[in-house]
Amino acid sequence: MHDFRHRYGRFLTAIEDRGLDGFLVQHRPNLAYLFNFTGSAGLACCLGHETILLVDSRYHEQARATAANCTPRLIRGSFEQALEELLNDRFPGGSSRQRLGLEATHASCDFWLRIQTWSAAVEWAPEHDLIETLRTIKEPGEIDALVHAFELAQGAYARFLDQISPGLAEVRMAGILEMEMREAGGEGTAFPTIMASGPRSSLPHGVAGGRIWGEEELLLIDFGIRSGGYLSDLTRIHLPRGVGKPEIFDVVSEAQHAALDSIRPGVRSSDVDRAARRVIEEAGHGDHFQHGTGHGLGLEVHELPRISPIRPQTLEPGMVFTVEPGIYLPGRLGVRIEDVVAVTETGYRLLSDPDR
């Protein structure tokens, strides 16, 4: 079970700490996190300690039955019209000026320009990652949901391996894997499946194409499942029977283990990246590893923290992120190995099974 009340309390505290009188939530994962609302369209306007969830007729019944920490309100026209009317009702002419935050990363420039013309009683304050920062520390129930997502995905992957062989097109193999993830009980894929064979494996995000998998070529497979709203994310290297692993596989494996060995509370996320990168650089492949070592995972496939030199954070218990170093030799082949960890009080816990 997810503790929506506790999340909402932290949210209200964060609003107050930033000197805000309220907050507008638009981003779907944030609506799910705070209010247990999973519809494709909705706006949550927090005013003081009350939140009004604006929904259209598609999701009104759902919101009334399942939404938490808010009062659902059915809109008759557009969302913007309903929001403007709500604010005018709450802050009529002559009201003291209210400072309302909104999700700067998720509000379009067009939306931002229009709301500036609304009530003079409202000052809009763009805020970056207010809710995303709260989501960085996972609750036990979230960890359990992620573990379940990995169990489903890895079971599907094992069944997928029994059905493929050289001679199949990448898109067909991706379809087989995605079908198995659905058969396992997944709500869908976490992202477009990456299925890159032979020389296409040097493309870090080589989404499945029409290329036929060759007899002695490796497959780079990056896949994930959505279950209970939470996502898994794994990368595996698969080779036909009797074909040996390329030399860079062992380098990448060593880099991943070096990164894992560095994980514990108090360590900077950039230091985890540095541990993996050092191994790859010492093997002479520094120029062949251009992405970060990992990223946060949860309701979205890319969350905080970033395991890279960019925007370092201090690791805390409850943080969940991927560890996925790679080496990519353009036009030849690429290797990436990706598993996922949760930071514990003393180190880390693997949420995925590296042997599957």
query = When only DSSP loop residues count, what trypsin sites (Lys or Arg not before Pro) in the range 45-100 have their Cβ near at most 14 other Cβ atoms within 10 Å?
reply = Arg58, Arg76, Arg97
task = Could you work out how far helix 140-161 tilts from the main Cα principal axis of the chain, as a 0 to 90 degree angle to the nearest 10?
result = 40 degrees
query = Which net charge results when you count Lys and Arg as +1 and Asp and Glu as -1 among the other residues whose beta-carbon is under 12 Å from that of Glu345?
reply = +1
note = Total charge of the residues flanking Val279 in space, meaning their Cβ is under 13 Å from its Cβ, with Lys and Arg +1 and Asp and Glu -1, is -3
ask   = Can you give the relative contact order of the range 235-310 as a percent, counting alpha carbon pairs under 8 Å and 6+ residues apart?
value = 26 percent
ask   = Sequence-distant or interchain residues sharing an amide H contact under 5 Å with Glu338, placed H: which?
value = Thr235
ask   = At a 1.4 Å probe, what is the % contribution of carbon and sulfur to the accessible area of the chain?
value = 49 percent
inquiry  = Taking the solvent-accessible surface of protein heavy atoms with a 1.4 Å probe, what is the per residue accessible area of the chain in Å²?
reply    = 44 Å²
query = How much accessible surface does Leu168 have with a 1.4 Å probe, in Å² rounded to 10?
reply = 30 Å²
task = Return a whole-number percent for the relative contact order of the range 1-61, with Cα pairs under 8 Å and 6 or more residues apart as the contact set.
result = 27 percent
query = Which distance in Å, rounded to a whole number, links the C-alpha centroids of the range 132-153 and the range 219-263?
reply = 20 Å
ask   = Taking H as built 1.01 Å from N, whose amide H comes closer than 5 Å to the amide H of Gly294, not counting residues under 5 places away?
value = Ile307, Glu324
note = With Cα coordinates, the longest principal axis of the chain makes an angle with the long axis of helix 269-282, in degrees rounded to 10, of 20 degrees
ask   = For the residue pair Arg159 and Val207, what label-to-label distance in nm results when each label sits 7 Å from Cα along the Cα-to-beta-carbon direction?
value = 2.5 nm
inquiry  = Could you tell me the extents of the chain's C-alpha atoms along the three principal axes, largest first, rounded to whole Å?
reply    = 77, 41, 37
query = Probe 1.4 Å, all protein chains in place: accessible area of Met179 in Å², nearest 10?
reply = 90 Å²
note = Relative to the chain, whose Cα atoms define the longest principal axis, helix 79-90 and its Cα axis are tilted in degrees, nearest 10, by 40 degrees
task = Note down the magnitude of the dipole of the chain about its Cα centre, charges +1 on Lys and Arg C-beta and -1 on Asp and Glu C-beta and zero elsewhere, to the nearest 20 debye.
result = 460 debye
key: Per residue Cα convex hull volume in Å³ - calculated over the range 215-356   = 111 Å³
remark   = Computed over all unlike Cα pairs, the Kirkwood hydrodynamic radius of the range 126-226 in Å stands at 15.0 Å
note = Counting only DSSP beta bridges fully inside the chain, the antiparallel percentage to nearest 5 is 75 percent
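The values are calculated or read from the model by the stated rules, or taken from the named source; none is laboratory data. Remember, predicted model here, so these are calculated numbers, not experimental data. Don't worry about glycine lacking a Cβ; one is built from the backbone with ideal geometry, like all the others, and counts go over all protein chains shown. These accessible areas exclude ligands, DNA and RNA; they are computed on the full protein's heavy atoms, side chains included. Shrake-Rupley method; radii C 1.70, N 1.55, O 1.52, S 1.80 Å.
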